[in-house]
Amino acid sequence: MKTSITDRIWLGIGAMILVLAVAGAVRAVAETSEDYYEQARYALNRSEYQRAAELYGLAYDQDNSSDLAGDALYWQAFSLYRVGGTSALKHAARLLERQMERYPDASTRDDGNDLRARLYGELAQRGEERAARRLREFADEEQADETKLAALQALMMMDEDRALPILKKILANREGGNIEMRRHALMVLGQIQSDETEDLLIDALRDEDDPELLSEIIMWLSMQGSERALDAIVELYQQSKDPEIGQAALFAIGQHGGHRAVTMLREIAVDEKADSELRGQALFALSQTGDEDLADIMVAILHNAEDHELHEMALFSLSHLGGDVSMDVFLELIRNEHADDELRAQALHFAASNGGVDAAFVREVYDSADDEDLRSQCCWVLSDMGGDEALNHLIEIVRDEKSGEVRQQAVFWIGQFDSDKAADFLLELINEE
């Protein structure tokens, strides 16, 4: 029976992984960690996420063979996820990978899988090659079915007069742990445009104390598009001390648009005294307006700000804004061999996603790069481009690359090509071994 192209590709990948994989180091066992774990839980309950992450890390380091070790990794990752920022998200993903490998029986294993997928998705959107690769692998491994609430979904087919009384009743019932039911009710409510819907959402915004639900209410309220809805969101932004709520509010303000919203976001984005996370969210919100004239704000932050996370968000925002100015910034940064390699890698991803570079250009960047992560990024970008030229460059990279890690990434990305040439090359590598 003839082997299909797909079978040959995955046969090649499986064999190469066995040849190229390197075992991780085993950490030494230390003393008990219960005290650190309890201190960490206390910090997390107080929303002191950075402190909680540090303490959960100490709990794990003190005794990574205890019953708490696997759960400590999850809660450290969760805390870092709430801290936010690319570096924290990458660290969190690595912790959950360790939990998956070493603690398959941890009570938080399923939660860890859910969070890991979310982290990979967010990092891939920010231009992280490794996260994009892991996300594809993870998607093949995990096929969890999402539970639906049939009754609320059915409300989508009902008219407003029948739906609103039911939704109002569900939202009013704040007892008995029915948070998922309220979440789905908000989803349905947010898709109904009316004055009464807006009243219900504004009331929910003022009464709700769950941060995640508040973020969702902000989103649905912003879709109402009225000045009254904007007033309620701005009021919450000004009163809330929760950075997560602040970021959700800023995004919603950007979605609302208009002169008033843009003026407010500009002021926050350029305010050097403002929280860097909120400045970054203001930048992203500005990018959602589609006004290319706003690119100058992002360029100024790239040139003048000292915060690396803010630089990353400025690049990310430029990628959404598009236009000639954005592409010029990407190309200038990519060509600057003295610039931060991580920023160059992200700029390359964004430039390629916007069709601003070809395979030959990516190969030139690869040839001139000393940084392994940047060379791996070039492999991902070539794979995303597809086509014979990109595949030929990747094959040459595998043959010439000295770094085993980069070579392994190039092999993985060749495996994403559904072609005879890719399959034949992978089998050739196997035969060489």
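Sorting check: for 270-276, 60-66, 91-97, which peptide has the highest mean count of neighbouring beta carbons within 10 Å, and how do the rest follow? Write out the running numbers ahead of the final one.
Details: 270-276: 12.6, 60-66: 19.0, 91-97: 22.6.
Top of the packing list down: 91-97, 60-66, 270-276.
Sorted by average packing, counted as other Cβ atoms within 10 angstrom per residue and highest first, what order do 110-117, 304-311 take?
With the highest mean Cβ count within 10 Å placed first, the list reads 110-117, 304-311.
Provide Rg over Rh for region 32-89; use the alpha carbon set for both Rg and the Kirkwood Rh (inverse mean inverse pair distance).
Taking Rh as the inverse mean 1/r over Cα pairs, Rg/Rh reads 0.96.
Arrange V188, V83 by Cβ neighbour counts within 10 Å, fewest through most, would you?
Details: V188 21, V83 18.
Arranged by neighbour count, lowest to highest, V188, V83 become V83, V188.
Report the Cα centroid-to-centroid distance between region 197-214 and region 259-291 in angstrom, as an integer.
Cα centroid to Cα centroid, the span is 24 Å.
Just need the relative contact order of region 173-271 here, percent rounded to a whole number, with Cα pairs under 8 Å and 6+ apart.
It comes to 22 percent, rounded to a whole number.
Using alpha carbons only, what's the Rg to Rh ratio of region 275-406 with Rh from Kirkwood?
Here Rg/Rh amounts to 1.01.
Subtracting the Cα-Cα distance from 0.36 nm times the residue separation, let me have the gained length for D420 to N173 in nm, one decimal.
83.0 nm
List M298, M327 from most exposed to least, where exposure is judged by having the fewest other Cβ atoms within 10 Å.
M327, M298
All other residues with a Cβ under 13 Å from the Cβ of V234 taken together, and with Lys, Arg as +1 and Asp, Glu as -1, what is their net charge?
Summing Lys/Arg as +1 and Asp/Glu as -1 gives -2.
Within 10 Å of each residue's Cβ, count the other Cβ atoms and sort F361, F417 from fewest upward.
The most exposed by this proxy come first: F361, F417.
Where a number appears in this text, it was derived from the coordinates with a stated rule and is not lab data. Given the structure is predicted, the values throughout are model-derived calculations rather than measurements. Counting neighbours? That spans all protein chains shown, and the Cβs are built from the backbone with ideal geometry, glycine included.
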